[in-house]
1. For GLU99, only one of the following conditions fails: (1) among the acidic types (Asp, Glu); (2) part of a loop (DSSP other than H, G, I, E, B); (3) closer than 15 Å to VAL235 by Cβ. What is its number?
2. Among the numbered conditions (1) within 30 Å of ARG55 (Cα to Cα); (2) touching a residue at least 12 places away in the same chain (Cβ under 8 Å); (3) assigned to a helix (DSSP H, G or I), tell me where TYR89 comes up short.
3. Can you report the number of residues in the stretch 69-121 which are touching a Lys or Arg at 6+ places or on another chain (Cβ under 8 Å), open to solvent by less than 60 Å² (accessible area, probe 1.4 Å) and more than 20 Å from ALA167 (Cβ to Cβ)?
4. When residues of the stretch 71-102 are filtered for being among the aromatic types (Phe, Trp, Tyr) and modelled with pLDDT under 90, how many remain?
5. Is one or more of the residues making up the stretch 57-65 part of a helix (DSSP H, G or I), modelled with pLDDT under 90 and closer than 30 Å to ILE186 by Cα?
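The values are calculated or read from the model by the stated rules, or taken from the named source; none is laboratory data. Predicted, not measured: the structure shown is a model, and the values here were computed from it. Neighbour counts run over all protein chains shown; Cβ positions are idealised from the backbone, glycine included. The accessibility values were calculated without ligands, DNA or RNA, using every heavy atom of the protein model including side chains. Shrake-Rupley method; radii C 1.70, N 1.55, O 1.52, S 1.80 Å.
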Amino acid sequence: MDLKQRDGDLVGVLQKLNEEEKNEIAKALKYDSIEELKNKYGVIRDDLALEQEIRYAGSDWITDGVFSDDWATYGKIVRRVAKSVKAKYTDNTTAEDLEQRILRIIVDKAWEKMDEGKRREYEKTVCEFEDQMRAEDPEKLKELLEYLNVNSMRGMAPGVLLSAGMAFSFGGFLSYQILVIVMAAIGRTLGIKIAMNAVTKSAALFIPGLNIVMGVWMAWDVMRIISGPAMRKIVPVVPLLCMARIRQRAEG
């Protein structure tokens with residue numbers, strides 16, 4: 001069954017993915033590349049191939065296939081992922097908000113697994129980031145600390161800092177800076193390096209998120225969290241899309 005209607009929660013973010021992100025999401029969906037995925041559906045548009053596979057893989061064959069005239073919406077798919085990782089939500093929670101809660105759960109789980117050495121490295125990076133903000137934009141730092149209701153970001157767990165960065169009114173590039181710091185810290189625990197110069201506006205904005213996301217889940221109880229072949233595809237896609245949205249806002 002072909003898609004009858006495009007999904008507004010997906011179209012915008014998919015159309016603005018960079019090449020690395022497209023291929024990462026294709027690999028999460030168990031394809032070697034975005035080109036292989038496009039060949040499967042016989043389409044020339046990357047975003048259409050990705051949307052079709054995400055919604056197809058995230059659908060229930062009975063409720064979304066037999067008894068519906070279209071595959072599951074992204075909002076429904078994100079809720080299925082949220083249930084699998086025990087992220088709380090209400091009927092009014094948006095797909096984007098739920099993506100962020102799922103990413104926060106991944107970050108919190110990785111923080112639990114970090115040894116003291118890695119935690120100290122993370123805290124050192126946060127302190128350097130705070131000093132950089134103090135020198136370059138003290139007013140923004142003051143507002144951020146007031147929002148966090150703290151005198152310093154020192155000692156703040158990465159999940160708390162990431163949530164604040166995504167919700168903070170300045171958003172944009174500040175959220176991406178915080179995302180890079182947090183994901184770099186998690187990557188180090190898994191032996192994955194993220195160059196911290198990616199925080200600068202002149203750098204190409206990309207985080208190798210798939211290895212980090214899958215590394216955390218493999219260290220977690222992966223068989224309990226990702227049940228069934230479709231969920232093994234969809235669960236990693238949600239935080240990857242969340243990170244892509246943050247990157248897109250930073251560039252905007």
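1. (2)
2. It fails just one condition, (3).
3. 6
4. 1
5. For the stretch 57-65, residues part of a helix (DSSP H, G or I), modelled with pLDDT under 90 and closer than 30 Å to ILE186 by Cα: present.
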